[in-house]
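Notes for the one structure printed next.
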Amino acid sequence: MNGAHALLATLGANDVSVCFSNPGTTEMHFVAALDDAPGMRGILCLFEGVATGAADGYARVKGTPAATLMHLGPGLANGWANLHNARRAHVPVLNVVGDHATYHSRFDAPLQSNIELLADALEGWYRRTTSSDQLARDAADAVAGAFGPPGRVATLVLPADVSWSDVGAVPAAWPRADRPSSLAIDETTFERALKALRTKRCTVFLGGSALSKEQLRLAQSVASTTSSRFMMETFATKMDRGAGVASPERLIYLSEFAVDQLKESEAIILLGSREPVGFFAYPNVPSRLAPEGCDIIDLAPPGSDTLGALQSLVEALHAPLVPIERGEPAARPTGELTTHSFSAAVGATLKEGLIVVDESITSGIQLFGATRFAPDHQWMTLTGGAIGYGLPVALGAAVASKQRVLALESDGSMMYTLQALWTMAREGLDVTVVGLSNRSYAVLNVELTRVGAVPDGAASARMLELDDPTLDLSQLASAQGVPGVRVTSADELVLALERSYATPGPMFIEAMLPKGLR
């Protein structure tokens with residue numbers, strides 16, 4: 001038994017059963033050892049950013065880590081952007097990064113790099129294993145490191161000779177990592193929050209783990225009993241939504257509007273979220289969105305027992321459960337395909353239990369309203385702002401859930417990780433992708449004005465347009481094995497969505513929207 005076998009056996013003992021991989025020469029013994037590890041599902045990805053994004057999506061659904069397998073420092077660098085999103089989502093991910101044999105590193109071969117420096121920037125867990133006999137223990141520690149709390153990106157560097165060398169003594173049982181408990185709620189902070197809720201104009205501000213159906217109901221009760229505002233962060237890791245779920249007000253992405261949302265708040269009670277701040281800095285717009293003097297009370301930081309905190313607040317306030325608002329789902333739209341009718345089509349056709357991965361950017365502005373009273377479903381968003389997350393996260397979510405996933409993907413961002421479609425086809429995953437073709441970086445046209453830049457010529461305009469040449473998204477999908485169809489009306493989009501939900505396997509729908517924002 002070599003080190004690679006020991007690593008896979010330890011991962012299996014710790015219920016890590018999926019590895020999203022883009023291997024190279026230094027990882028070949030790991031790849032070969034998969035033949036002797038039937039409990040590990042190796043999934044080939046054609047780009048490291050797909051592998052890391054898929055691990056993020058898997059963890060959002062399962063709450064446990066998948067592994068990734070990447071080739072040296074450049075491989076980790078290629079996957080880094082979606083690891084940043086996973087870090088911001090506070091989900092557990094375990095990277096196995098192959099490296100040169102320990103004795104080869106001193107020769108500074110072409111692929112030699114500082115892997116530790118790349119990993120350190122993710123602010124997670126890191127270790128370079130140096131012995132085949134120590135590898136199993138290091139792997140178990142990596143699993144524990146990924147769990148946090150909160151969930152973190154763990155990186156285990158595996159030198160090639162550690163992977164191929166024999167294990168001296170095979171243990172009777174492979175080491176296991178205990179899953180840690182959530183962080184406890186500080187009693188002093190709890191009393192401070194309770195006092196604020198009783199005496200101030202408060203905003204109950206939710207994110208992360210606090211966006212489950214049960215916790216949203218409890219938070220709504222707390223807000224209703226104390227006449228507080230019931231709000232959530234703009235970009236959620238995963239949240240329950242739909243007709244049977246309490247629906248908080250979503251913090252608006254645009255800082256100018258978010259400042260107005262929060263202007264009456266004397267205290268903001270944070271549960272599973274960070275303090276709301278601007279996504280970017282803008283001239284004459286504050287970075288902190290809360291009004292000056294507002295008391296920011298971090299009751300339950302990410303990784304904390306948000307459910308316990310909410311239960312305790314309900315009990316202390318004697319807060320009765322509030323009826324869930326009822327309404328009609330969106331009507332099936334007809335006629336021209338616009339951002340409005342696109343959102344209505346999604347809302348009108350959503351099936352119960354569907355997982356939605358949203359990277360629709362500007363084209364999806366009306367989505368939250370249009371899906372409010374759809375059958376109960378789950379929603380995932382771009383937590384870290386590094387675009388190209390949507391297709392890989394949908395891939396990972398489909399592997400973890402074994403149910404239909406709907407990926408809403410704008411044309412510019414989908415080109416970052418288009419290779420995920422190939423893996424969806426190869427694995428036969430039930431993913432419906434709506435590729436939103438507006439032939440423009442529309443969000444940047446908005447941002448151009450907000451930051452005070454004034455375009456006055458063709459050179460700047462050309463930097464934000466995607467229609468020279470125009471991308472044929474459905475053909476790109478078909479070329480990777482995913483059946484593709486182009487729709488040009490709201491009626492066609494509704495029919496294509498319904499057909500995709502009834503057909504096993506992946507499907508790609510290119511939705512031809514007006515250019516830019518409309």
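Nothing in this text is a laboratory measurement; each read-out follows from the coordinates by a stated rule. Bear in mind the structure is a predicted one, so any value in this text is a computation, not a measurement. Here Cβ is always computed from backbone atoms with ideal geometry, including for glycine, and neighbour counts include all displayed protein chains.
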Problem - Distance cut-off 43 Å, percentage of C-alpha pairs in the chain lying past it - result: 20 percent
Practice task
Would you mind classifying segment 367-518 by shape? Square roots of the alpha carbon gyration tensor eigenvalues, ordered a ≥ b ≥ c; an a/c under 1.5 is rounded, otherwise it is prolate if a/b is larger than b/c and oblate if not.
Solution key: prolate
Practice task
Would you give the gap between the C-alpha center of segment 131-196 and the C-alpha center of segment 80-111, rounded to a whole Å?
Solution key: 17 Å
Exercise for the section: Go ahead and estimate [θ] at 222 nm for the chain from helices alone: -39,500 (n - 2.57) per DSSP H run with n ≥ 4, summed, over the residue count, rounded to 500. Expected result: -10500 deg cm²/dmol
Completion exercise
Measuring from its Cα centre, the chain shows a charge dipole (+1 at each Lys and Arg Cβ, -1 at each Asp and Glu Cβ) which, in debye to the nearest 20, is 800 debye
Completion exercise
Computed about the Cα centre, the charge dipole of segment 187-317 from +1 Lys/Arg and -1 Asp/Glu charges at the Cβ has a magnitude in debye, to the nearest 20, of 220 debye
Handout entry: Share, in percent, of DSSP beta bridges within the chain that are antiparallel, nearest 5
Key = 10 percent
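For M1 and M415 in one chain, what is 0.36 nm times their gap in residues minus the Cα-Cα distance, to one decimal in nm?
Extra length from M1 to M415 when fully extended: 144.9 nm.
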Handout entry: Neighbour-count ranking [beta-carbon atoms within 10 angstrom, fewest first] of E352, E336
Key = E352, E336
Problem - Separation between Cα centres of segment 436-494 and segment 1-68, rounded to whole Å - result: 35 Å
Completion exercise
Summing +1 per Lys or Arg and -1 per Asp or Glu among the other residues with Cβ less than 13 Å from P276's Cβ gives 0
Problem - Ranked by how many other beta carbons lie within 10 Å on average, peptides 144-150, 11-17 from highest - result: 144-150, 11-17
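If R₀ is 22 angstrom, what is the calculated FRET efficiency for the pair T130 and A32, using the beta carbon separation as r and rounding to 0.05?
So, using R0 = 22 Å, E works out to roughly 0.55.
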Exercise for the section: May I ask you to order 20-32, 463-475 by the average number of other C-beta atoms within 10 Å around their residues, highest value first? Expected result: 20-32, 463-475
Completion exercise
Rounded to one decimal in nm, the spacing of the 7 Å Cα→Cβ label points at V322 and S105 is 5.5 nm
Exercise for the section: Between K402 and E187, take the C-beta separation as r, use R0 = 41 Å, and let me know the FRET efficiency to the nearest 0.05. Expected result: 0.50
Completion exercise
Under the 7 Å Cα-to-Cβ spin-label approximation, D376 and R499 lie apart by a distance in nanometres of 3.2 nm
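Would you mind ranking D141, D376 so that the residue whose beta carbon has the fewest other beta carbons within 10 Å leads the list?
Numbers: D141 19, D376 15.
Listing D141, D376 from fewest to most nearby Cβ atoms yields D376, D141.
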Completion exercise
Taking Cα pairs closer than 8 Å and at least 6 residues apart, the relative contact order of the chain in percent is 14 percent
Practice task
Take each of the peptides 218-225, 321-328, average the number of other beta-carbon atoms within 10 Å over its residues, and list them starting from the highest.
Solution key: 218-225, 321-328
Handout entry: Virtual paramagnetic centre 7 Å along Cα→Cβ of E249, amide N under 19 Å, in segment 315-329
Key = 322-326
Exercise for the section: Quickly work out the T488-to-T25 label distance, labels modelled 7 Å from Cα along the C-beta direction, and quote it in nm with one decimal. Expected result: 5.2 nm
Completion exercise
Toy charge model, Lys and Arg Cβ at +1, Asp and Glu Cβ at -1: segment 76-223 dipole around Cα centroid in debye, rounded to 20, equals 1080 debye
Problem - Estimated FRET transfer efficiency (D295, V451; beta-carbon r; R0 25 Å; 0.05) - result: 0.20
Exercise for the section: Please compute the net charge surrounding A407, taking Lys and Arg as +1 and Asp and Glu as -1 over other residues with Cβ under 10 Å from its Cβ. Expected result: -3
Practice task
Pull out the extension gain between K213 and V170, defined as 0.36 nm times the separation in residues minus the alpha carbon to alpha carbon distance; nm, one decimal.
Solution key: 11.0 nm
